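Take a look at the structure set out below.
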Amino acid sequence: MSTRKPTSFEKTVPDYRRRIVWIFSIPLKITIRSGYAMWVQDKESRQLNTKPIPRIQGRLPGNLDIEWRVMKSFKGDYILQGFADLPREHNTTILNTRFFWDDQIISMDEGVTYSVFFTGFSHLKGGYSGINGCKRVICGGHLINYSYTYAFSGFFEPDYSMEDNAWKKSRAIARPFFSKDHISDVDIFERTSIITLDLFAVRSNKGRPIDIQDLVSRFTLDSASEFLFGRRLDTLSRPLTEPGKVKLGLKGSILIDRSDEFDVFTEAFGRVAVLMTQRGAQGPTWPLLELFKDLTEEPIQVIMNWLDPLVKVTLKKKMKSLGTVPETKDAIFLDFLASQTDDFEHIRYELVTYLIASRDTTETLLTFIIYFFALYPNVCERLREEILTTFGPDQPPSYDKLKGLKYLHRWSLAHLVMFPPVIPTSNRPIHFPRRTQRYNLWEKNEDEFLPERWLDEKTLTNVNSTPFMYCPFSGGPRNCIGQGFAFNETAYFLVRLLQRFKAFKFAPRCQPTGSLPDPVWKRKPGRQSAEQIVPAINMTIHSKSSD
């Protein structure tokens, strides 16, 4: 076996010295690359008569001190406070953090959002590694060089690029299942909500608290699985969390003794969400923290072990039917997806993507709406009055009548200003923190929960003329395809809930340690002074606990 001959450099310089040279060449390479990139951007800005985005100048190289401050704020500060403070400190609505010498841009400007998601969307390149061949967009007098990625890239979803239009094909397959004909079928919601509210009633009649977030998470997962797979995962039949027997988990309270197989599945769901959020905050350096092990590998395998049997059975059924394409109106999503492709990997990626999105989005909506029921009982009473006037105490709501509940619709809009459940994008290099608001677009009471705001013609005119000042489900060609399903599911459940219950109270004594707001929040300005729970982020917004 032949061996490579050492070079003259290797013969002259000892091995340990070569290693030292290699180590010190890394910061030199980073410095040169970073300086050259900024020089190119400044040159292009001058040529296009624009100005570069303001850059943060920290005390430490790579703005490590600023990065550390932001990461630390995730643990004790109000939701995304670390990000929200930066533009205000620099008196701007758009800011380049330059974390680890990489362009990572925070924007509180709806014009930038509009460009990224709509007018400039065709210039964007998909995929986490899409930094190669970045596109240029001029927005608000700034030159923005960026690529674009979706949250699931690198986790579940194939790396769809803008060039091959694979993402368009994927959405084209799914779109018929989120049409009015499909999402107006409320029978699924009726079956699942009855089971859910019966569990609620048992606890209520005994004077015992219930973890709302855990309960609605099961409701949404069972509804979504029946909608997507044709059968429920039946999570509502499993033991609920009990006060005094829970601890703080990845997304709220969990049982201290988690021996159930499904608990492992939900834990894997939460673990992947945490890792997604962490990787997004770490930017392009996250692989350095996972050099020896992909931390998503184990939880993803747990999820796939649950879904793979479903996909295998569906593909076998397809073979027996000789590839007949089912009618869209009669088919379930899994069957129709299998009729379009034999790619096992693609099918399960799509299933996980829609299952996570359909569960977490509506879970966030319902959790925080019921939280607001307890926080604002007078508003809850008004909403209940509208529901009882329309449906009475026990009439099942129909799709058409749900659309006519004006106050319920306004309630949802007001809630989404506070806590939009939109799935985040990666921050390489464009980053839009959730709950990002440009405060001069709203009134001075933008942090107050005011459903009446949406009855005001001025507000509606502002939103219609500036649509990206309010886009809780994202926007543009890749907006949330299932937002209609989420709104209908939420509205249906709330009608059934308020037909049976008229008031809600907090039970802070039952919450696990670490789930209540820091007392110092009461002295802070803005929304956090009113909170009685701790909003947090793991891919989507959630409550650390919600008894």
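Each value in this text was obtained by applying a stated rule to the coordinates, not by laboratory testing. Treat the numbers as computed from the prediction; the structure is a model and nothing was measured. Don't worry about glycine lacking a Cβ; one is built from the backbone with ideal geometry, like all the others, and counts go over all protein chains shown.
Numerical summary
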item: 5 angstrom amide H check on Ile94, placed H, neighbours 5+ away; result: Met108
item: Region 356-418 shape via C-alpha gyration tensor axes, a/c threshold 1.5; result: oblate
item: Protection-proxy order for peptides 357-365, 303-311, each taking the mean of Cβ atoms within 10 Å per residue, highest first; result: 357-365, 303-311
